[in-house]
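Visitor: Sharing a structure, written as structure tokens. Questions coming.
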Amino acid sequence: MTGATVALSLISHTNAGKTTLARTLLARDVGEVRDAPHVTTEATAYTLIETEGGDRLALWDTPGFGDSARLARRLAQQGNPIGWFLAQVWDRWRDRPFWLTQLAVRHVRDDADVVLYLVNAAEDPADAGYLAPELAVLAWIGKPVLVLLNQTGPPRPPADEAADVARWQAALAAHPHVRGVLALDAFARCWVQEFALFAAIAPLVSADRIVAFTRLADAWRARRWREFDAAMAALAQPVAAAVCARVVVPRTPALKKLSAALGLGTDEGDAAARRACDEMAQVTDRDLVAAMTKLIAIHGLEGRAAGDVESRMAGDMAREGPIGEGRAAAMGGIVSGAVSGLAADLASGGLTFGAGMLTGALLGALGGAGVARAWNVARGQSDDTVRWDDAFLERLTVTSLLRYLAVAHYGRGRGDYRDSEYPPFWRPCVEAAVAARRAAFAEVWARRGPTCEAAAVAAALEPLMSDTARAVLADLYPAALAAGE
């Protein structure tokens, strides 16, 4: 079976970001990107995707329009001898960039199926002096045009983006060759927005190529979902490892624990627990960096991931094993009335004393410690186990998904990946999606134990993280994600 080629042509005012967008869609460096006019001098075709049957989706990067008004006049003169001479002889030798632009426009007219016209979304359409003559050029080309709003800045709430689209739609409503307007920033687009791009292109493709384009769009969606699945697998690994992370520390004898509580010594168990927490934090940190490196590679980016554990506070540490003897002693003393002025601060994981001090019946408290020790021996436990608690694991999941969003929005045209702050509206969106699945996550956290296997936990966690990430993307880009399902 012989496949068909569908050609998309990127055109815009000079230095508007065509090559940057091409790099983002292709996930590789092509052409030259710098802040100067006429960087791209000739029309160049790149293959976006091919099917096994030989279908090919070509993306043409073209020279930008410079003097748009002059270009529109020159194209209008193409039908007379003087116009032909100016375009083919005079401009070719006297103004080569201008001649190359004309050449590119003729190529778009003759070979393109759909024109992708980039505009600067930061500008008001009424203030863009180049817009009217360039729309005249597009009318001369005579191909269906899809306007892409570029340079929109960092990701914004959906309502703000929709307002920009509506503003440009209203400004271009009088031009029948403009068939749609989409927001697709070369620097900060999310890959799911490409589904909306393909959905908008489909009705503009000619009848003899629509079947081939449908196959190409299906292949593009399949590629992007494979990348998503690989990203979720990479994210699940460090979280699963944190679920299984545990360090056994010696139990502090009752007298030493009570002495530490009275300020007469140090609690060796708490010091060991803090060291264990720091050790686990370093391991989790390395795991996060490794996962970020995988995410960057999956999305066709480059750069070294800069990872850090969101918090290393001892409050993220949960302790299981023996009932703390000092804590049980305090509770025993309180119940018996033998100790006054003593407060058991269970939330902080230790003992704190208020304004009062021990008044003398210390033996009553020690009796409580003896009960705790016997109960622990009956369970066969003589040590403490330090692990990450549920709250930390949930925060780690939120942080991992936020980092995923940052990578998923990073346009290849920006160069090597660099960590940057994410928009503030992302966090509540991710937190809400995770909270809605808290019971399901809790079942995964409950797999902690001496026989916990990170691979098994990751296998259980991956579909849950995938479902959560899809919910976040559906919240941010509902129409685009629906087009990709």
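The values are calculated or read from the model by the stated rules, or taken from the named source; none is laboratory data. Just so you know, these numbers come straight off a predicted model, no measurement behind them. Cβ placement follows ideal geometry from the backbone for every residue including glycine, while neighbour counts extend to all protein chains displayed.
Visitor: Give me a count of the residues in the stretch 197-219 that are hydrophobic (A, V, I, L, M, F, W, C), more than 30 Å from the chain's Cα centre (by Cα) and more than 13 Å from Val115 (Cα to Cα).
Guide: Qualifying residue count for the region: 4.
Visitor: Additional query: Within the stretch 201-244, how many residues are over 26 Å from Leu402 (Cβ atoms), of a type in the set (Gly, Ala, Ser) and crowded, with 20+ Cβ neighbours inside 10 Å?
Guide: 2
Visitor: I've got another one for you. How many residues, within the stretch 435-482, are among the β-branched types (Val, Ile, Thr) and either under 19 Å from Pro157 (Cα atoms) or not in a helix (DSSP H, G or I) (or both)?
Guide: Adding up the residues that qualify gives 3.
Visitor: Let me ask you something else. Run Arg418 past the list (1) in a helix (DSSP H, G or I); (2) within 17 Å of the chain's Cα centre (by Cα) and report the number of the one that doesn't hold.
Guide: Going through (1) in a helix (DSSP H, G or I); (2) within 17 Å of the chain's Cα centre (by Cα) one by one, Arg418 breaks only (1).
Visitor: So Phe195 ticks every box in (1) surrounded by fewer than 20 Cβ atoms within 10 Å (Cβ to Cβ); (2) touching a residue at least 24 places away in the same chain (Cβ under 8 Å); (3) within 25 Å of Val430 (Cα to Cα) but one. Which box is left unticked?
Guide: Failed condition: (1).
Visitor: Now for a separate question. When the residues of the stretch 378-425 are narrowed to those that are basic (Lys, Arg) and closer than 28 Å to Thr24 by Cβ, which ends up modelled with the highest pLDDT?
Guide: Looking at residues that are basic (Lys, Arg) and closer than 28 Å to Thr24 by Cβ, I get Arg403.
Visitor: Could you tell me which residue of the stretch 442-474 is nearest to the chain's Cα centre (by Cα), considering only residues that are surrounded by fewer than 17 Cβ atoms within 10 Å (Cβ to Cβ) and within 30 Å of Arg189 (Cβ to Cβ)?
Guide: Arg470
Visitor: One residue is enough: does the stretch 43-62 have a residue meeting the conditions surrounded by 21 or more Cβ atoms within 10 Å (Cβ to Cβ), part of a helix (DSSP H, G or I) and modelled with pLDDT of 80 or more?
Guide: Within the stretch 43-62, none of the residues are surrounded by 21 or more Cβ atoms within 10 Å (Cβ to Cβ), part of a helix (DSSP H, G or I) and modelled with pLDDT of 80 or more.
Visitor: Under 6 Å between Cβ atoms, which residue pairs at least 6 apart in sequence (or on different chains) link something in the stretch 166-191 that is within 14 Å of Leu149 (Cα to Cα) with a partner that is of a type in the set (Ser, Thr, Tyr)?
Guide: Listed by first residue and then by second, the contacts come to Ala183/Thr152; Asp185/Thr152; Ala186/Thr20; Ala186/Thr24.
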